[in-house]
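Each remark here refers to the structure printed beneath this line.
The values are calculated or read from the model by the stated rules, or taken from the named source; none is laboratory data. Values in this document were obtained by computation on a predicted structure and should not be read as measured data. FYI the Cβ positions are ideal-geometry reconstructions off the backbone, even for glycines, and counts take in every protein chain you see.
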Amino acid sequence: MRFIGCSLAWRPSDAKDGTSCLMVLDERGSIIANSFATSVAEIAGAVEGYAADRRSVILGVDAPLSVPNERGTRKIERLLSKLALPAYSASRKMFGDEPPGEALLAALEDVGVEYTDYPFRRQRRQSAVVEVDSAATLKVLALERGQGGSDNDPEQRLRGMDDPKLRKGNKEDRAAAIKGAVDVLWNTPGLRLRTGNLSADLSAPDNVDVSRVEVASTLSHADLDRICSLVEATLAAYAVHRHWKGRDGSAVVGTGDAGSVLLPAGEALHDRIAEECRASGIPYV
């Protein structure tokens, strides 16, 4: 079984010539590979390769996969914002044509990976793709690592935390945010960043060890973007791996055609998400 996180270059500012990243975990939660791609066809080809030898895959994509609304924001985005969780702001108008996430789903379907709004736990022999939100995942993991104060209410603690800004601001602020994100990942149970087959060379075409890359404000914005992609893809892979393992808690919010997001969520946060979903009329698991 392989668990793949994809940081998709989906925003209008980066979708034209941006580079997407794929991060691969095994069943133990160890990073075993990563790679970069410049098109949805390359992403689908890489996923097909990672699924070789009859391996099943669950793919978490850090991008809007279903965008039914012409303008404004999706219901799922408005719900996450109410809970002080970062959310995409996506509409069909902002893309002008087919949203990149939908194009990716079509390419993945050609290699046998199907879109689902619920990857069933511990079920092998499946090839599924779901939507995740790396920024929301990172904020939840920071919450679980004790950030956000001592209040027992997870929502109030989330409100006391700044949203991750890995891709915004000057180089000093971005470098500090990325270092903080890597530290959270390093201290996340069930995720093993360091394995022997990865390189500390950021310019390597694949298999970059994000835990060994020297993050500094002297790096170019392009280099910081590359590290961001590695971090986001790691968060996406962790989200689907955690859900499949059935440990530490997770939630699936929304439905596939209207927008569905998989989030890590312990018991208290899951209860709060469920409460808001019921009030908003949005399905959840």
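The table below lists the values:
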quantity: Residues that are touching a residue at least 12 places away in the same chain (Cβ under 8 Å) and part of a loop (DSSP other than H, G, I, E, B), drawn from the stretch 97-108; calculated: Pro99
quantity: Subset tally (residues that are crowded, with 20+ Cβ neighbours inside 10 Å and assigned to a strand (DSSP E or B)) for the stretch 3-32; calculated: 12
quantity: Residue in the stretch 70-85 that is under 30 Å from Asp209 (Cβ atoms), touching a residue at least 40 places away in the same chain (Cβ under 8 Å) and surrounded by 16 or more Cβ atoms within 10 Å (Cβ to Cβ) present; calculated: yes
quantity: Residue check, Gln147 surrounded by fewer than 16 Cβ atoms within 10 Å (Cβ to Cβ) and of a type outside the set (Phe, Trp, Tyr); calculated: no
quantity: Near pairs, Cβ below 7 angstrom, 6+ apart or cross-chain, from the stretch 56-69 (surrounded by fewer than 24 Cβ atoms within 10 Å (Cβ to Cβ)) to any residue that is β-branched (Val, Ile, Thr) and not in a loop (DSSP other than H, G, I, E, B); calculated: Val57/Ile4; Val57/Val47
quantity: Subset of the stretch 231-265 that is in a helix (DSSP H, G or I) and touching a Cys at 6+ places or on another chain (Cβ under 8 Å) - its residue that is nearest to Gln123 (Cα to Cα); calculated: Ala236
quantity: Positions within the stretch 256-273 being surrounded by fewer than 16 Cβ atoms within 10 Å (Cβ to Cβ) and either among the aliphatic types (A, V, I, L, M) or without any contact (Cβ under 8 Å) to a residue 24 or more places away in the chain (or both), in sequence order; calculated: Glu267, Ala268, Asp271
quantity: Sole exception among (1) charged (D, E, K, R); (2) under 22 Å from Arg247 (Cβ atoms); (3) assigned to a loop (DSSP other than H, G, I, E, B) for Lys165, by number; calculated: (2)
quantity: Close pairs (7 angstrom Cβ cut-off, 6 or more residues apart or separate chains): over 14 Å from Gly18 (Cα atoms) in the stretch 34-46, of a type in the set (Ser, Thr, Tyr) anywhere; calculated: Ala46/Ser35
quantity: Single condition Thr188 does not satisfy, out of (1) crowded, with 21+ Cβ neighbours inside 10 Å; (2) part of a helix (DSSP H, G or I); (3) polar (S, T, N, Q); calculated: (2)
quantity: Of residues in the stretch 114-131 being of a type in the set (A, V, I, L, M, F, W, C) and farther than 11 Å from Gly259 by Cα, the one farthest from the chain's Cα centre (by Cα); calculated: Phe120
quantity: Pair list, Cβ < 6 Å and 6+ apart or interchain, from the stretch 142-159 residues that are without any contact (Cβ under 8 Å) to a residue 40 or more places away in the chain to residues that are among the basic types (Lys, Arg); calculated: Gly148/Arg157; Gly149/Arg157; Asp151/Arg157
quantity: Arg174 vs. criteria in a helix (DSSP H, G or I), modelled with pLDDT under 95 and in contact with a Leu (Cβ under 7 Å, 6 or more places away or on another chain); calculated: no
quantity: Residue within the stretch 49-65 that is of a type in the set (Val, Ile, Thr), over 23 Å from Leu166 (Cα atoms), assigned to a loop (DSSP other than H, G, I, E, B) and in contact with a Pro (Cβ under 6 Å, 6 or more places away or on another chain) present; calculated: no
